[in-house]
Structure formats: structure tokens, C-alpha cells
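To start, the structure itself, in C-alpha cells.
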Amino acid sequence: MSEYRKNSLTLTGAVGLGTGVMISAGIFALLGQVAQLAGVWFPLIFIIGGVVTGFSAYSYVKMSQQYPSAGGVGMFLVKAYGKGTITASAAMLMAISMVINQSLVARTFGTYTLQIFGSESSGWLVALLAVGLLLFAFIVNISGNEFIQTFTSIVSLLKILGLLVFSAGGLWVAGFTLDPAGDAGTNAADTGIASIIAAVALTILSFKGFTTITNSGSEIKNPKKNVGRAIVASISISLFVYLMIAWAVSSNLPIDRIIEAKDYSLAEAARPAFGEYGVWFTVALAIIATISGIIASVFAVSRMLAMLTDMSLIPHRHFGMPGRIQKHTLVYTVVLAMALAVLFDLSRIASVGAILYLVMDMIVHWGVWKHLKKETGANPAIVVTALLLDAIVLGAFVYVKIQSDLLIVIVSLLFILATFGGEHWFLKRNKEAESSH
């Protein structure tokens, strides 16, 4: 089992982990959902999402420079709030949102793989393929840090090059026009200002993979410099790839068709430009991208959970498993992701993940602004801007979901309340147990 190993990840390896998570769910699973909310000019939403993410990443970069840790966000919260309910609950929201992202990526793998056989089924075959991918990610993650960073770096490079080839070919066929292929049809959502802002929430979810880098902080060589560099590089590379792909898709496929095929819109956009060979090429890229995304995400979240367990901030049971806590949290991560991949569809997985992540993100920014401005040297204006942007985007997203899918808002709220309530009870019980000895 791979344990914490200082200086075991290079700058290139860290960028590979970040882009490995980002360029998977972001472009393959969320593109159609963003189009449904934002309408015909949806490619521009990825730029806005990149800007909002840039403000958000500032807090993480400043914290990483001051407190590089394999626990990443969990350690940042401890520094800001101490070892209490807020820290434990926000860290769990982060972990859950990352596991949700893993199930999102896994189902995307299943959905795109079935396109090879001309199937649009989202039933048991998608779930079966998703579970198989998560099992493969578990096997890779017990192979050691060197193998993980080499695998994810090579695969990330291959998929980035492949996606750029796809987008360049699609734009060439469309004559590099900025005009979309068609207007929204009857399937398009109301693209009012709230809906457009809500679309930004999904693009933020597609960029959140940069936290994978912070969660591997102490394992990265020269972390005080390289964590920030890796985050900036990963976000920049992902934004460029997202924009090129979204532009190519919008140039080759009418918006109503993008929405109709939202779970596999990239493959569908390849048909008018490249025919069936293009579909196979796109599916191959999706398989590569989702595999690397799952491996990198499982790598990060299992380490954060292990750190929280070591600090007695979350409950832990061995269930008879041998080995250390980090191996156990790896098992828990993969099993929970499997369950989510079987039970929920892509749209609802993405929505819950976006809500939980934005709530956690706001807690991080508040902690930096309220408690750690001096220690980190963070610019208060930038941190407050990040906090306000998150609040605006979250508010718009919840407003739109209340109107279109109230169940998602209820489930997300119950997740948050259960997390805070459960952590409060657990920490109070532990404190009482310690005082009685």
C-alpha cells in the first residue's frame, strides 16, 4: 500500500493529477448540462467558470504555501477553525463532493463506452461499467505514488493532445466560425440570468480537480512553490481545452441536439465532422480521460480521509481489514463511489456535487479571511471576492434547481445537515469519552 511519502510527486506529476481529475467529468459529462442551462453561447460560461475558479484557487494557493500537507483542505480547515465541528463537517463535505465526482466520472465512462455499440442506455450496463472502472482505480492506487503519477501524467498528456486534435478538426470542418450551429429548440431551458449564472456552478465543478493537488501537498517536491504552480498550470490548461472543445461542439451540433444527447454530447458532436470514426475516437478519449480522472481523485480523497481519521475528526471502523488506515479509507472511498454510481444519474450526481463543493469552498474562504489573513499573507479583497462569487453562483444554482428539480436541493440540504449534526455528535461523544478517563 502506498503511504505518505514526502517529495514523491514532481511538479509534472502534480499537474498530471490536477488535469487528470479536471479534464474528465468537466468536458465529457458536464458540457451538455452547461448547454442546457446557458443556451447557445454556453462555451463562454467555461471562461466565466475559469475566472471564478481562479479567485477561489487563490485561497488554496496561499494556504498551501503556508501549510503544505497531504491532508490538503482538511489541514487548511484545522488551521482556520481548529479541530471542531466546522472543520470536520466542511472537510467531509469536500470528501463527499470528491466521491460524488468519482461516481460522475465513472458513469461518464460507462455512457461513452456504450456509444461504441450504438447504445444510449443509461441503465444497468452503465452502472456495471462504472463499478468496473472504480475497481480498476482501486487496484492502481495500491501500486504506489511513482506509478500513479507516471500513469496519470502520460494519460493526461494523451487525452489533452487528443481533445485538441478533435477540437481543431471540428473547428476546421465548421470553418472556424464563432456562430453556433443552431438555435435552441424545445428542449432548451430558460436561459435567463439566473439560469446562466447557475451554469457557472457546473463549470466550477469541472475545475474543482485542482484541490487534488492541495490534498497531496506534502508529497510534492518543494511544495511551497510547486503546489501553487501546479494549480495555476492545471486550471490554465483545462480552461484552454474546455474552451476549444465547447467551441467545436457548438459549431457542429445544434443546441437542442447537444441538450438531447447531454450525457454523451461530445461523441454526438463528432458525427457531423468525422462520422463513425470520429465517434470511436471521441469514445476512446473519454475512456482515457475518465480512467485518469478516477485514479487521481481516489488518490487524493483517500489521503484526506486518512488524515482526518488520524486527527480523530471522523469516525473509523476497520471492519476486520488488515493494513493501515489509509488503505481502509481507500476502500471506503471506492465503495461509496460505486454505490452512488449505481443509484444516481449523471445530472443529479453533478448537481449535488456542485452544491456541496460550493458550500465547502465558502467555508474555506471565510476561514482564510476571518482567521488567517496575516499568517498566509492573503489579500482580503481577493478572498472576499471569491466568497461573494461563490455565494452568487450557489444562490442562482439552488434557485434554478428548486424550480426544476426540488429533490436535488432537499437531498443536498439533508446531506449538509446530516454531516454537521453527525460530526457534532461524534466530536462531543469523543470529548466526553476522553474526559471520563
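Sorting Met94, Met362 by the number of Cβ atoms found within 10 Å of their own Cβ, with the fewest placed first, yields Met362, Met94. With the simple spin-label model, which puts each label point 7 Å out from Cα in the Cβ direction, the Trp172 to Glu260 separation comes to 2.9 nm.
Which entries in Lys83/Lys208; Lys224/Lys373; Lys208/Lys431; Lys224/Lys374; Lys83/Lys428 show an alpha-carbon gap greater than 22 Å? Over 22 Å apart, Cα to Cα: Lys83/Lys208; Lys208/Lys431. Averaged over residues, the count of other Cβ atoms within 10 Å places the peptides 420-430, 392-402, 348-358 in the sequence 348-358, 392-402, 420-430, highest first.
Projecting label points 7 angstrom from Cα along Cα→Cβ for Ile139 and Leu164 puts them 3.2 nm apart. Put in order of Cβ neighbour count within 10 Å, fewest first, the listed residues Ser292, Ser234 become Ser234, Ser292. Were the residues from Asn379 through Ala391 laid out at 0.36 nm apart, the gain over their Cα-Cα distance would be 2.4 nm.
Subtracting the Cα-Cα distance of Lys221 and Leu128 from 0.36 nm times their residue separation leaves 29.7 nm of extension gain.
Let me know the shape class of the range 53-109, please: from the alpha-carbon gyration tensor, a ≥ b ≥ c as square roots of the eigenvalues, rounded when a/c is under 1.5, otherwise prolate if a/b is greater than b/c, or oblate. Oblate, since a/c reaches 1.5 and b/c is not below a/b. Per-residue extension of 0.36 nm, minus the Cα-Cα distance of Val51 and Leu406, leaves a gain of 124.9 nm for this segment.
Every number in this text was worked out from the coordinates using simple rules, so none of it is lab data. Note that this is a predicted model, so its numbers are computed, not measured. As a convention, Cβ positions derive from the backbone with ideal geometry for all residues, glycine included, and neighbour counts pool all protein chains shown.
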